[in-house]
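Structure, as structure tokens:
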Amino acid sequence: MSTVTTQTILLRLVCAVLIVYTDVLYRMRGPGSSVCIATDYGQDGPGSNPLRYTVVLYGCETWSLTLREESKLGVFDNMVLRRIFGLRRDEVTGEWRRLHNEELNDLYSSPNIVRVIKSRRMRWAGHVARMGEERGVYRVLVGKPEGRRPLGRPRLRCVDNIRTDLQEVEYVYMDWIGLAQDRDRWRTLVSAVMNLRVP
């Protein structure tokens, strides 16, 4: 006869969350995506990041998200939080019901997944901007490809996302590369992007 310990219950909970995240990401990004097969810890190391962000946000520093993808990530984040926190008994009727988004935000006070992605993208862009023009990563981030582009609306680039993130914190300074040279100022902008409350 086996005894169920707290450690066993936590292990089962972690496995269930990882299975749900992998399944949703597989549906959202498609098979073979680097997001779906990542099992590494986040860049802050084990224990410093919520486990649910570990698999989902692998390589998010280089993503150019559309509004539709941001919405899907937000829905997915709330779905996992609902699984973790479970149902709540209504005080008036006594029936069990799902938690509303506002209740989830109150229970889990950390920033949502889109805020984390934007702050990591800003932090990475500041690091690349300080590398120098001779580095390949810098040239890829700010360079302009030669030749003809395909018909239709141009895709969002990483630089466009960085400018949008800066505009969200009401910072209209367009020379973000010059701004990133000042580490302390850039760090405050990154934390402002992370802690911004957007409805």
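For labels at Arg185 and Asp90 in the simple 7 Å Cα→Cβ model, what's the distance in nm?
Those two pseudo-labels are separated by 5.4 nm.
What FRET efficiency, computed as 1/(1 + (r/R0)^6) with R0 = 41 Å and r the Cβ-Cβ distance, is obtained for Arg135 and Tyr108, rounded to the nearest 0.05?
Here the calculated transfer efficiency is 0.60.
Throughout, read-outs are computed from the coordinates displayed, never taken from laboratory work. In this text, all values refer to a predicted model and were calculated from it rather than measured experimentally. For neighbour counting, all protein chains shown are included, and Cβ atoms are generated from backbone atoms with ideal geometry for every residue, glycine included.
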